[in-house]
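Report on the following structure.
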Amino acid sequence: TVVLTAAMIGAFFPAARLYRLRGTMSVADQAAAKLFAYLRREPGVRQVDNAVPLDRVSQTIRLEQVTLADPDGAKLLDRADLTMKAGSRVAILASEPSASLALAGLLMRLYDPAAGRITFDGFDIATATLETIRGQSLLVPADGMVFEGTVHDNISCGDAGFTMLQVTDAAKQARAHSFIVDLPHGFNTQIAGDGAQLDASQAFRIGLARALLRNPSILVVVEP
């Protein structure tokens, strides 16, 4: 009786862990299904055959008679003409936020216009490689998109090619350095998850520092 009782008590804990494991596996299966669905998706924009690499923008970006509609057919841009000089800052204001975001997405060729064309230094980006378009274009969302890890990891994204001095300079440009050094462990402070929680302004500036570190020729910032 003693041996049987001890065996039953000893078996309870592994059985309880196995029961909890069923729930964990169910959640993991759902997450894996979403991940594989994402990996199997078909891109909305495809690279043309014989696409050529594109140099960094050094003169102008032009939108020439650009028209773009949403999935329901409503026009977000209607024969828009716009010239932006390299090195300048341009604010895009719209009564509908989707219109300004649509224009920003066109610059990174996340989608193509229904009509018209977009040129970088006179070169039609529809015939350029996607790698060289998106490699020089970065988007900073209003929430900064911080992820679990240290402040340094959030800015460098784990890229060992960036030195601490470069990360620090980027934080200073984004006006983030002063609050970072006040965190418990400075740039090594864990944020998100179970780490330090940042307010909206701080999270945005972390995201901005991440973009500035990479010195893009096109920087799209969503005003927080």
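The values are calculated or read from the model by the stated rules, or taken from the named source; none is laboratory data. All values derive from a computational prediction rather than experimental measurement. Here the Cβ positions follow ideal geometry from the backbone for every residue, glycine too, while neighbour counts run over all protein chains shown. Heavy atoms of the whole protein, side chains included, go into the accessibility calculation; ligands, DNA and RNA do not. Shrake-Rupley method; radii C 1.70, N 1.55, O 1.52, S 1.80 Å.
Some notes on this structure:
- Counted residues, region 69-90 - those being closer than 21 Å to L138 by Cβ and in contact (Cβ under 8 Å) with a residue 40 or more places away in the chain: 1
- Residues in region 116-137 that are in a strand (DSSP E or B) and open to solvent by less than 50 Å² (accessible area, probe 1.4 Å): G116, I118, T119, F120, D124, A128, S137.
- Within region 49-58, the set of residues being surrounded by 12 or more Cβ atoms within 10 Å (Cβ to Cβ) and either out of contact with any Leu (no Cβ under 8 Å at 6 or more places or on another chain) or at pLDDT below 90 (or both) comprises L54, D55, R56, V57.
- Taken together, the criteria place G186 among residues that are open to solvent by less than 20 Å² (accessible area, probe 1.4 Å), without any contact (Cβ under 8 Å) to a residue 40 or more places away in the chain, farther than 17 Å from L219 by Cβ and of a type in the set (G, A, S).
- Residue count for region 199-222, restricted to those that are within 15 Å of the chain's Cα centre (by Cα) and acidic (D, E): 0
- Hits in region 104-119 (condition: touching a Ser or Thr at 6+ places or on another chain (Cβ under 8 Å) and hydrophobic (A, V, I, L, M, F, W, C)): L107, M108, A114, A115
- All positions within region 34-67 that are assigned to a loop (DSSP other than H, G, I, E, B) and among the β-branched types (V, I, T): V45, V48, V57
- Pairs with Cβ under 6 Å, 6+ apart, first in region 149-167 and without any contact (Cβ under 8 Å) to a residue 60 or more places away in the chain, second open to solvent by 20 Å² or more (accessible area, probe 1.4 Å) and part of a strand (DSSP E or B): T150/Q190
- The one condition from (1) among the charged types (D, E, K, R); (2) in contact with a Lys or Arg (Cβ under 9 Å, 6 or more places away or on another chain); (3) surrounded by 12 or more Cβ atoms within 10 Å (Cβ to Cβ) that D81 does not meet is (3).
- Criterion (open to solvent by 70 Å² or more (accessible area, probe 1.4 Å), among the hydrophobic types (A, V, I, L, M, F, W, C), modelled with pLDDT under 90 and within 14 Å of the chain's Cα centre (by Cα)) met by exactly one of L93, L101: L101
- Criterion violated by I155 - all others in (1) over 20 Å from V220 (Cα atoms); (2) open to solvent by less than 60 Å² (accessible area, probe 1.4 Å) satisfied: (1)
- Checking every residue in region 95-115 against the condition of being more than 30 Å from E64 (Cβ to Cβ) and not in a loop (DSSP other than H, G, I, E, B) gives zero matches.
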